[in-house]
Amino acid sequence: MTSAPALDQRHSAAASTQPVVPSETVASESLSVSFNDVGRAFDGRTVLRNVSLTVTPGEVLAILGSSGCGKSTLLRAVGGLDEGFTGDIVIGDSAVTRYDERTAVGFQEPRLLPWRSIRRNVELGLPRNLSKAEGQARVVELLELVGLSDRAALRPREISGGMAQRASLARALARQPGVLLLDEPFGALDALTRLKMQDLLLDIHAQTGTTVLLVTHDVNEALQLADRILLLGGRRSDTAEGATVKSLVPVPGKRPRDRAATDLAQLRSELYAGLGVDSR
Amino acid sequence: MTTTLATPAAAPGRAKSVPGGRILLGAAVPLLILGLWWLVTGPLDLFTPTQLPAPQRVLDAGVGLLEDGALFAHVGISVQRVLFGFFFGAVAGLLLGSLLGLSRLADGLLHPTVGAFRAVPSLAWVPLILLWVGIGEDGKVLLIAIGAFFPVFTSVHSALRHVDPHLVEAGRAFGYHGTRLLTTVQLPAVVPPVFSGLRLALAQSWLFLVAAELLASSEGLGFLLIESQNNGRVDRLLLAIVLLAILGKTTDALLGIIERKALKTWA
Ligand SMILES: Nc1ncnc2c1ncn2[C@@H]1O[C@H](COP(=O)(O)OP(=O)(O)OP(=O)(O)O)[C@@H](O)[C@H]1O
Ligand SMILES: [Mg+2]
C-alpha cells in the first residue's frame, strides 16, 4: 500500500493539507458516480463507448483526452444535460435524472446573465427549497470564498475573465452539489490566473468535500489537482470507433503538490504519450 | 475648416462640458435650414408665396388655427389615433411574437400564415378595411395597429428565437424551467431588440396615420394636409408637415427615455 498510492489515502490527504473546517452553509454531501458501460453516438457516429468506472465520494477526477474525443459529452451526461447516452450513470444510489439537481455544472464559458449583478448571478444557483435568509447567507459566504465580495454589485461585463469564472464557480457551488462538474473551467484564462484558480479550487474542495469531475486538456493541471486521472481515447489494441477508458491512474503524492515535483515526471510523460504527444 | 482645425482639442471638450451640448449640436442643421428658408423667401425673394411661403407665414397660419381652436383638434385627434393604434398593434405583436417565439408547436402551426400576411404590403388592406369596418375611427385605428403590429411581432419573435442557447441551458442546468426560465432568462434577454421593434412600430404608426387620414377624414393632421392642398394653402400644408415632424420626434424621444430606463435594469 505504501508504494502504490491508494485512493483511500486521498481523503486524509485533502483534509490534512487544508486545516479549514468545512463550513455549515457551503459543505455538501459528496456522492459517488458510477459509469456502467456508458456510450454515446451522434447520428450513427460513435463518440464514446464502454466507459465503466466508479468515482468515489469526495474524489477529484480529472478527465483528459484529445480535442473532440468526448470529454464534454461524458460530463454533460452526468449533469443530465444530455439524455441520448446508452448504459447507466448512477449518482449516489440512483440513476442520473434530467438536469440532475445533485450535480452542478461549471461551464467552459462563465455563462453569467449579463443583466444581473454578480451577486444575483450567484443566487441563480441556489436550490429552491432554501429559505431566503439561508440563501443570502450562503451567497455572502461563497462570494467571500471566491474573493468577489467587493465586486458583488457589478455586472459580468464590468469584471475580468478570471473573476467571471470565479463567479461561475460560486454559482455552481451555491447548489451545494454532491458532484461538481467542471468543463475546462480555466481553459480561457492566462497562465498566472489559472494557477490561482487551481489553488482556489483545492481550497473549495477542502471546504466542501464535494466530488469533482474536472475536464481539462492540461496535463499539469490534472497532475496538480486530481486524485485520479481518466484518460479518454481509442485503445491501440482495438480499432473500434469512439473513445473509451484508455487509462485510469492515481496521482501519487498529497495535495497541494509541488508543481515541479520530479516524481510526477514519469506519469507526465506517460500521459503525454497517451495523448499522442512526444513530451521531449 | 482651418479655423476648426486650429482648436482641435477644445471643440470636443466644450461639447462635453456644456449641458445639453448634444441637443445644441443636433439643432444646428434644422436652424440652418430655417435660416436658408427665411433667406430664399424673404431677402432673396426666389419663390412666390404659393410655391414656398416664408417661415413667418407658416407661423401665422399656426397661430390662426390655434386661435379658432382647430389646431388642437387636429393634433389631438391624430395623437389619439396613433397612441391607440400603436398600443393595440404593439400588444398584439408582443403576444403573438412571444407565443411563436417560445412554442415550437405554435411556430410551426402559425408562422407560415403570419409570414404570408406580412408579405402583403400593409396598405393593401385599406380597401378591405373600408368595406368591412369603414374608415371611421375604428378603421383608422385598425390600419395603424396593422402598421405597428409587424415590427413588434418580428422583433419579439426573432429575439426569442435567438436567445443565447448557452444561457438558456445554464438556466435549465440550475433547475429553471417554464415560467421561471422565461422571466429569468428569456424575457430579460430580449428587452433590447424588442425596444428597437417598438420604436420602429411607432414610426410606422405615424406613417399609417397619415395614410388613413389622407384617405378619408374630417379632422387630423392628414386631413389638414389634404385640405390645405385643395385650398392652395401651402403655409398650412407646411405647418402640418412641421407638426408631424415635431410630434413624431417627441413621441420617439419619450419611448427612448423608457427604453433607456429598461436597458439600465435589463441590459
Ligand atoms: N450535439 C451534438 N451533435 C452532434 N455531434 C456532437 C454533439 N455534441 C458533440 N458532438 C460530437 O461529439 C464529439 C465529442 O465532442 P465533445 O464536445 O464531447 O469533445 P471534447 O472532448 O469535449 O472536445 P474539446 O476538448 O475540444 O472540448 C465531437 O466529434 C463532436 O463533433
Ligand atoms: Mg469540450
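A few points about this structure:
- Largest mean-square fluctuation among B:Ser158, B:Ser103, B:Ser217, in a Gaussian network model of chain B whose springs join Cα atoms under 10 Å apart, belongs to B:Ser103.
- Listed residues A:Gln176, B:Ala70, B:Phe84: farthest to the positive end of the dipole of the protein assembly as shown (Cβ charges): A:Gln176
- In chain B, Cα pairs under 8 Å separated by at least six residues give a relative contact order of 22 percent.
- Potential lengthening of the chain between B:Ile33 and B:His111 amounts to 23.5 nm, from the contour at 0.36 nm per residue minus the alpha-carbon distance.
- Ellipsoid fit via the Cα gyration tensor, the protein assembly as shown: semi-axes of 66, 28, 21 Å, each the root of five times an eigenvalue, largest first.
- Highest-first arrangement of A:82-92, B:120-130, where packing means the average Cβ count within 10 Å: A:82-92, B:120-130
- For region B:67-266, alpha-carbon Rg relative to the globular expectation (2.2 N^0.38 Å, N residues): 1.20
- For a label point 7 Å along the Cα-to-beta-carbon line of B:Leu263, residues of region A:112-143 with backbone N under 19 Å: A:114-117
- Taking the C-alpha atoms of region A:92-251, convex hull volume expressed per residue in Å³: 149 Å³
- Neighbouring partner chain Cβ atoms per residue of A:113-119, average, 10 Å criterion: 4
- Once the Cα-Cα distance is subtracted from the 0.36 nm per residue extended length, the A:Thr97 to A:Leu53 segment shows a gain of 14.0 nm.
- 0 to 90° range, to nearest 10: angle between helix B:55-67 axis and chain B longest Cα axis: 70 degrees
- Extension gain (nm, one decimal) between B:Val40 and B:Arg22, 0.36 nm per residue minus Cα-Cα: 3.6 nm
- Counting only other chain Cβ atoms within 10 Å of each residue's Cβ, the peptide B:173-181 averages 5.
- The three principal axes of the Cα atoms in region A:109-176 give end-to-end lengths of 31, 19, 17 Å, sorted in falling order.
- Centre separation in Å (Cα based) which lies between region B:91-154 and region A:126-174: 44 Å
- Residues A:Glu59, A:Glu134, A:Glu123, arranged from fewest to most other Cβ atoms within 10 angstrom of their Cβ, appear as A:Glu134, A:Glu123, A:Glu59.
- Inter-label distance for B:Phe47 and A:Ala273, nm, one decimal - labels placed 7 Å from Cα along Cα-to-Cβ: 9.0 nm
- Neighbours of A:Leu64, meaning other residues whose beta-carbon lies under 12 angstrom from its beta-carbon, give a summed charge of 0 when Lys and Arg score +1 and Asp and Glu score -1.
- At R0 = 56 Å, FRET efficiency that the Cβ-Cβ distance of B:Glu67 and A:Asp82 yields, to 0.05: 0.15
- Rounded tilt (10° steps) of B:104-119 against the dominant C-alpha axis of chain B: 20 degrees
Bear in mind that the values in this text are calculations on the coordinates, not laboratory data. Keep in mind that this is a model prediction, so the values were computed, not measured. Glycine also receives a Cβ, built like all others from the backbone with ideal geometry; neighbour counts cover every protein chain displayed.
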